[in-house]
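Working notes, structure below.
Read-outs: derived from the displayed coordinates by stated rules, not from any lab. All values derive from a computational prediction rather than experimental measurement. Here the Cβ positions follow ideal geometry from the backbone for every residue, glycine too, while neighbour counts run over all protein chains shown.
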Amino acid sequence: MTGLAVDDAAWASAWRRRAPGDKMLLCGGLVVTALVLPAWPGSALVGAVVVALALGPARVPARTFLRAARWPAAFIAVGAVTAVVEVGGGGGPGWAPDAAARAGSLVGHALAGSAAVLLLATTTPMSDLLPALRRARVPDAVVEVASVVYRLLFVLLGSLHTIREAQTARMGYSSVARSYRSSGALAAAVLTRSWDRARRMQEGLAGRGMETGLRVLPEVLPSSWAFLAGSVAGPAAIVVASSVAT
Amino acid sequence: MHIAEGFLPAGHAAGWTIAAAPFVVHGARAVVREVRENPGSTLLLGAAGAFTFVLSAVKLPSVTGSSSHPTGTGPGAILFRPPVMALLGTVVLLFQALLLAHGGLTTLGANAFAFAVVGPWTGYAAYRLTRAAGAGLMPAVFAGVALADLATYVTTSFQLALAFPDAESGLVGGLLKFLGVFAVTQIPLAIGEGLLGVLLFRVLTVN
Amino acid sequence: MSHRTLAARGLVAGYERGRPVLDGATLTVPAGRRLALLGANGSGKTTLLRCLAGRLRPTAGAVTVDGQPVAYSRAGLRTHRQTVQLVLQDPDDQLFSASVAQDVSFGPLNLGLDEAAVRARVAEALHLLALDPLAGRPTHQLSYGERKRVAIAGAVAMRPCVLLLDEPTAGLDPSAVAETLAALARLQENDSTVAMSTHDVDLALRWADEVAVVVDGRVVQGAPEVLLADGDLLARARLDRPWALGVGARLRALGLLPAGPLPRDAGGLLAALPPAPLVRS
Amino acid sequence: MSHRTLAARGLVAGYERGRPVLDGATLTVPAGRRLALLGANGSGKTTLLRCLAGRLRPTAGAVTVDGQPVAYSRAGLRTHRQTVQLVLQDPDDQLFSASVAQDVSFGPLNLGLDEAAVRARVAEALHLLALDPLAGRPTHQLSYGERKRVAIAGAVAMRPCVLLLDEPTAGLDPSAVAETLAALARLQENDSTVAMSTHDVDLALRWADEVAVVVDGRVVQGAPEVLLADGDLLARARLDRPWALGVGARLRALGLLPAGPLPRDAGGLLAALPPAPLVRS
């Protein structure tokens, strides 16, 4: 109920035990390839490869992947149409001269890029990515705050859903005015819960010897040479294929 | 609405990342200092970040029947101050990009500039100015939270207009287009988020 | 407000890892009788209660009140929520106002009642739950057991025909359990049908007129002394056998208990056993 | 790591509305024996456990380990926390990391151990709690009972001489209670002295070697079959009498139970009673 579909997919993914660095290299490479190549056929190829990897070897449920892609797709559609509408000139709004080509390019780049990020998101839990931030010289304190955010957001989302359900059952959302009052009480209740949680967690962790930070030992997720080679070769092949085609 | 991955040209994405960086680094320094002085504040800051994430999952009731979500940074800017929100907001954006597919990684800088820098600073300034003008706490909270929301979307529109100026009328035309699509529609929602902020602070001040 | 019969037929609901939590669950909460819903954690008790309360729409099957199926329209759900109220296990996720009276008034206010009527409802609900002295107290100062009763009062103020409670006694000490059960008895007299979920088989035996055991996504319903003596069913449901039935059966076999139903708790057993012989001091 | 005797003498602590929650509490957790701390909600069980664990400094009285009083200096508290670990009732109060193994590694890392030693401690703690299959799972996908066991594993990884648990079985279903008790037995064998608070008198009778009842800010300690048969004490402490002692006493008076200690649970009672006579079919 309170789970986030993308996060659930990441924990259940067949690539869960692959080294986060490997997956970041692959997805980073695909994002860059999607952005720098011409949309046709470059970004289209990236998109096809990403979907094939996600639904194939990574075994991300198709439903989760497509549902998650709806959000960026909606933004991309609205944004692209707005970008190629022309409002200057004498008459009312009209299409810019090269509207179709520009919109196509924009949509192609953005959809392929979004899909590549989604591949990383649906195969790698946040708690595997945060240690990578530490290696990227992000201060420990920041990484630790982020890891507490990750843990607590599920606790708070649980509270949010349950409180909203209780309010709904007691007719709290039966009119707009009541909805506002209920939402305000809901937000306030979640905020006081979050403070209370932090305070009690502080005692719990002090008892386990917390003195300076919240260091934990990440899992050992060994890197694979074959995967790394594929991660370099794949985008390179797309670049070659794209330049041959154009 | 955050700018999706790959939507901005590479130069723009890099430029906005550079623009947001000093604010986020400043926020990170503030957090590091805070945590060094008081190790327990890691948990409080984490709770504040989680609250900001969760607040953006609250449905804002709207008169038109369609529902939307608050940005969630306004109350945080007033409660935790803009420098801290610059960092927490960026962390929340990273989580939204990777847990909800809202926004992206190369566009993280641009989104952070709108959502974690301009929004909180505008909201906080509006809150302080309204207080300084002699208004009560609740009007100031309303102004701060509503303007934090609106400023975020105005900034997003500006970023998009800069990347995609109108073919005919250039930057101004582009700005009008994107404001029309992303910011004007946001006005009732900004008012809604302001109201939500007032209700939130009312409960907090009673307790 | 009057007792009503709430029922579920062939419910399929609550997918987890591709399999439904409930897979053809059928159950009746008979008007005016006490039903205990038994099952291990994760068996689907809460999912079933949420379906019965109209909070979760089953993917198949129907929920009915006095035989009428629930309509999942805005108006239909509104009616259903006034008929059936559910109180979940954790009180902290149901209390969201600053003071006890304020929290209990939330539902009646949303029903659009006038101030006097709201006050009357709040007073009645607090009284039924024996919470009158706490009316003005902030909710966060209350003990866990008190908060649980305030959460129940919030539902009771809606004057439901059927009140469903998820684990109302979990985490309570014996005296708080006794207070909660006494309050439920008053509610039942006040024409609300009460059903609760629990994994405490001893409590179910002592309290319930009927029990329903959730096992493998379905429900087996019957008399407490029959179902709770069914070792096979209890094992499948990962529940214990109530001690009173095991010990009672042996004592009956030894000729120490009179005919009739077996005693359901220690008090009943001691009353039914022969008195201790007088010992010379 | 080895069993140690943890004790408290004349503790005064935890003011509430001007009166101390504990007002002269004296208690011994004897090395290697199972102690159940009984009391109603709000009686001060948790305050007492927090004092024993060094989390709360009493305003008067002393906490000792093998007779040595705890020093409330930074170094003294650090030593004490390595000796005594406390697991709170709500697992979400001490699980802060997203993955099970990562969370359990927190304590050992704070002890300054190297990576290999930390991994060994994590594996050992998960194994003792029968959590090995969950090592790589995210905390937020676990059931309540699983999260409770992970919280215990986090404390066990510190290799405490004394492990204190606040209501470790509250809210668990019978099979989860059995799993938790089995894990506690392994810990006891592994040289950690285990004490738990509970308000379940039947569980205390079944599990504990000694019980300590918190009543009116003080503690009465003794043998389970003695204290839990003391109606006066139980009434003051707002606790029930375990059914097995009441029923057992009557059956002994009726000459049905052999000499020796009374059975402590249904299994023991059925084993001690004469077998049922064969019935013609």
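Summary value for chain D: 23 percent relative contact order, contacts being C-alpha pairs under 8 angstrom separated by 6+ residues.
Using the Cα atoms as the points, what is the convex hull volume per residue of the protein assembly as shown in Å³?
197
Among A:LYS23, C:LYS45, what is the fewest-to-most ranking by other Cβ atoms within 10 Å?
Numbers: A:LYS23 24, C:LYS45 27.
Least crowded to most crowded, the residues run A:LYS23, C:LYS45.
Structure remark: mean-square fluctuation, Gaussian network model of chain C, C-alpha springs under 10 Å; the largest value among C:GLU210, C:GLU16, C:GLU146 belongs to C:GLU16. Under a plain spin-label model, where a point goes 7 Å from the Cα along Cα-to-Cβ, how far apart in nm are B:GLU168 and B:ILE187? Placing both labels 7 Å beyond Cα along the Cβ direction yields 2.3 nm. Screening chain B for whole DSSP H helices with an alpha carbon extent of at least 15 angstrom along the helix axis and a mean Kyte-Doolittle hydropathy of at least 0.0 yields B:10-37, B:41-55, B:82-95, B:137-163, B:186-206. From least to most packed, judged by other beta carbons within 10 angstrom and beginning with the fewest, D:SER2, A:SER179, B:SER157 follow the order D:SER2, A:SER179, B:SER157.
A Förster radius of 56 Å combined with the Cβ-Cβ distance from A:ALA101 to C:ARG17 puts the calculated FRET efficiency at roughly 0.80.
Within the listed set C:SER97, C:SER143, C:SER43, the residue fluctuating most in the Gaussian network model of chain C (springs between alpha-carbon atoms under 10 angstrom) is C:SER143.
Averaging Cα coordinates gives a centre for the range A:19-35 and one for the range A:80-150; these two points are 14 Å apart.
Volume per residue for the range D:6-241 equals 121 cubic angstrom (convex hull of Cα atoms). Using a Gaussian network model of chain C in which every pair of alpha carbons under 10 angstrom is joined by a spring, one finds that among C:LEU142, C:LEU52, C:LEU38 the greatest mean-square fluctuation is at C:LEU142.
Relative to the longest principal axis of the Cα atoms of chain C, the long axis of helix C:115-128 makes an angle of roughly 10 degrees.
Can you work out the FRET efficiency for the pair A:VAL78 and C:ALA117, with r the C-beta to C-beta distance and R0 = 35 Å, to the nearest 0.05?
On the way: r = 48 Å, r/R0 = 1.37.
In this case the efficiency is close to 0.15.
Placing a pseudo-label 7 Å from each Cα along the Cα-to-Cβ vector at A:PHE227 and C:ALA182 gives an inter-label distance of 6.2 nm. The residues A:TYR180, D:TYR15, A:TYR150, when put in order of fewest to most other Cβ atoms within 10 Å, stand as D:TYR15, A:TYR180, A:TYR150. In the structure shown, the pairs C:LYS148/D:LYS148; C:LYS45/D:LYS148; C:LYS45/C:LYS148; D:LYS45/D:LYS148; A:LYS23/D:LYS148 are assessed against 24 Å; a Cα-Cα span above that value is assigned to A:LYS23/D:LYS148.
Here the label points at C:MET1 and C:ALA60, each 7 Å from Cα along the C-beta direction, are separated by 3.8 nm in the simple model. To one decimal place, what Kirkwood hydrodynamic radius in Å is obtained for the range C:209-252 from all pairs of distinct Cα atoms? Taking the inverse mean of 1/r over all distinct Cα pairs, the range C:209-252 comes out at 10.8 Å. Seen from D:LEU262, the other residues with C-beta closer than 10 Å to its C-beta sum to a net charge of +1, counting Lys and Arg as +1 and Asp and Glu as -1. Placing +1 on each Lys and Arg Cβ and -1 on each Asp and Glu Cβ, with no other charges, gives the protein assembly as shown a dipole about its Cα centre of roughly 280 debye. If you plug the beta carbon distance of B:LEU129 and B:ALA10 into 1/(1 + (r/R0)^6) with R0 = 30 Å, you get a FRET efficiency near 0.20.
Counting each DSSP H run of 4 or more residues in chain D as -39500 (n - 2.57), what helix-only mean residue ellipticity at 222 nm follows after dividing by all residues, to the nearest 500 deg cm²/dmol? Mind dumping the intermediate values first?
Values: 11 runs with 107 residues, N = 281.
Calculated mean residue ellipticity at 222 nm is -11000 deg cm²/dmol.
Net charge in the neighbourhood of C:THR46 (other residues with Cβ under 9 Å of its Cβ; Lys, Arg +1, Asp, Glu -1) is 0. Shape summary of the range D:94-198, radius of gyration then Dmax from alpha carbon positions: 12.8, 39 Å.
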